[in-house]
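The values are calculated or read from the model by the stated rules, or taken from the named source; none is laboratory data. Given the structure is predicted, the values throughout are model-derived calculations rather than measurements. Methodologically, a virtual Cβ is constructed for each residue, glycine included, from the backbone with ideal geometry; neighbour enumeration extends over all protein chains shown.
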């Protein structure tokens with residue numbers, strides 16, 4: 001698994017040239033890319049969400065597009081539209097910004113549910129359908145969506161079907177005092193992202209994405225993952241728990257994390273390290289628990305603390 005570790009380390013180190021002091025978030029974003037998953041980044045403005053997406057795209061040489069969601073945006077503004085060509089007397093398809101490899105959807109909750117739903121087919125089937133005709137998207141394909149957790153005026157909460165399609169949910173948070181000073185130093189003359197170079201080829205990336213699938217995960221660990229997911233549905237503070245897609249996402253990400261750590265097998269520690277980021281956004285807290293300020297994060301942590309860890313793993 002040396003190749004997986006080496007390539008992952010190259011991407012992480014490159015992105016960290018512009019995202020200071022957020023190694024855990026950078027690693028999770030890289031894992032999402034290696035697993036061909038989508039990410040929801042929820043945080044206040046100005047902490048580096050857009051820069052992280054751009055840095056990731058530059059690191060692997062992917063075509064990057066940014067879509068700013070607004071209440072007046074239409075689905076065709078995302079997927080593309082068919083336009084009648086008077087010269088040829090035929091309809092021609094004009095691709096929308098979703099036709100890229102790494103797509104940043106900024107403030108996803110500002111668009112109407114109809115526009116938000118235009119992403120569903122793209123995220124799940126890697127294609128869009130316009131006027132009854134399907135158009136495949138490029139490979140690799142990844143959506144990084146952002147939303148502001150503070151300002152809810154004029155926003156449309158993401159439906160459960162949309163949230164469930166995000167493999168990971170992460171937060172960046174404010175930098176420490178020392179990290180913020182380093183950010184000022186690095187941007188004294190120019191933004192470091194302008195000098196960021198590609199460190200991994202697309203062929204290397206796609207080879208790693210396939211190699212991850214062969215990393216061994218013991219039957220007991222598969223049962224451990226399923227048990228954690230099932231307990232999110234049965235927890236007393238939960239109104240709605242994680243879907244089977246959550247279990248599949250956790251399974252794949254554990255394989256990727258093992259490879260990133262230089263192992264060809266998964267450990268229980270991989271499951272515990274990723275469970276919150278994978279499952280928290282798939283959980284709806286019950287009304288009574290919400291009054292007590294119970295959060296999805298605390299539910300996942302409670303489940304992890306009470307679920308027996310499989311013994312005698314490799």
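Results for (1) farther than 22 Å from residue 256 by Cβ; (2) buried (at least 16 other Cβ atoms within 10 Å of the Cβ); (3) free of Cβ contacts under 8 Å to residues at least 12 places away in the same chain; (4) under 16 Å from the mean Cα position of the chain (by Cα), shown as yes or no for each residue.
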| site | (1), (2), (3), (4) |
| --- | --- |
| 47 | yes, yes, no, no |
| 57 | no, yes, no, yes |
| 68 | yes, no, no, no |
| 73 | yes, yes, no, no |
| 77 | yes, yes, no, no |
| 86 | yes, no, yes, no |
| 111 | yes, yes, no, no |
| 137 | no, yes, no, no |
| 142 | no, yes, no, yes |
Checklist (1) part of a strand (DSSP E or B); (2) out of contact with any strand residue (DSSP E or B) (no Cβ under 8 Å at 6 or more places or on another chain) applied to residue 173, failing item: (1)
So which residues in the range 274-286 are more than 13 Å from residue 170 (Cβ to Cβ) and surrounded by fewer than 22 Cβ atoms within 10 Å (Cβ to Cβ)? 284, 285, 286
With respect to residue 128, is the statement that it is closer than 23 Å to residue 41 by Cβ, at pLDDT 90 or above and assigned to a strand (DSSP E or B) true? yes
Failed condition for residue 185, given (1) more than 22 Å from the chain's Cα centre (by Cα); (2) touching a residue at least 60 places away in the same chain (Cβ under 8 Å): (2)
Pairs, please: C-beta under 6 Å, at least 6 apart or cross-chain, first residue more than 21 Å from residue 247 (Cβ to Cβ) and in the range 277-302, second assigned to a loop (DSSP other than H, G, I, E, B) and at pLDDT below 95? 286/237; 289/237; 294/237
For the range 172-220, how many residues are closer than 24 Å to residue 265 by Cβ and at pLDDT below 90? 0
Yes/no for residue 256 being part of a helix (DSSP H, G or I), buried (at least 20 other Cβ atoms within 10 Å of the Cβ), touching a residue at least 40 places away in the same chain (Cβ under 8 Å) and in contact with a strand residue (DSSP E or B) (Cβ under 6 Å, 6 or more places away or on another chain): no
Which numbered condition residue 15 misses (of (1) on the phi < 0 side of the Ramachandran plot; (2) surrounded by fewer than 23 Cβ atoms within 10 Å (Cβ to Cβ)): (2)
At least 2 residues that are in the same structural domain as residue 6 (by TED's automatic domain parsing) and loosely packed, with under 15 Cβ neighbours inside 10 Å in each: list the helices (runs of 4 or more DSSP H) lying fully within the range 176-247 that qualify. 177-186
Whether any residue in the range 293-301 is over 18 Å from residue 169 (Cα atoms) and assigned to a helix (DSSP H, G or I) is what I want to check. no
Among residues of the range 161-170, those that are buried (at least 19 other Cβ atoms within 10 Å of the Cβ) and outside any loop (DSSP other than H, G, I, E, B), counted: 4
With respect to residue 148, is the statement that it is within 24 Å of residue 22 (Cα to Cα), assigned by TED's automatic domain parsing to the domain that holds residue 24 and modelled with pLDDT under 90 true? yes
If a residue counts only when it is at pLDDT below 90 and more than 30 Å from residue 270 (Cα to Cα), which strands (runs of 3 or more DSSP E) contained entirely in the range 1-120 have at least 1 such residues? 80-85, 90-95
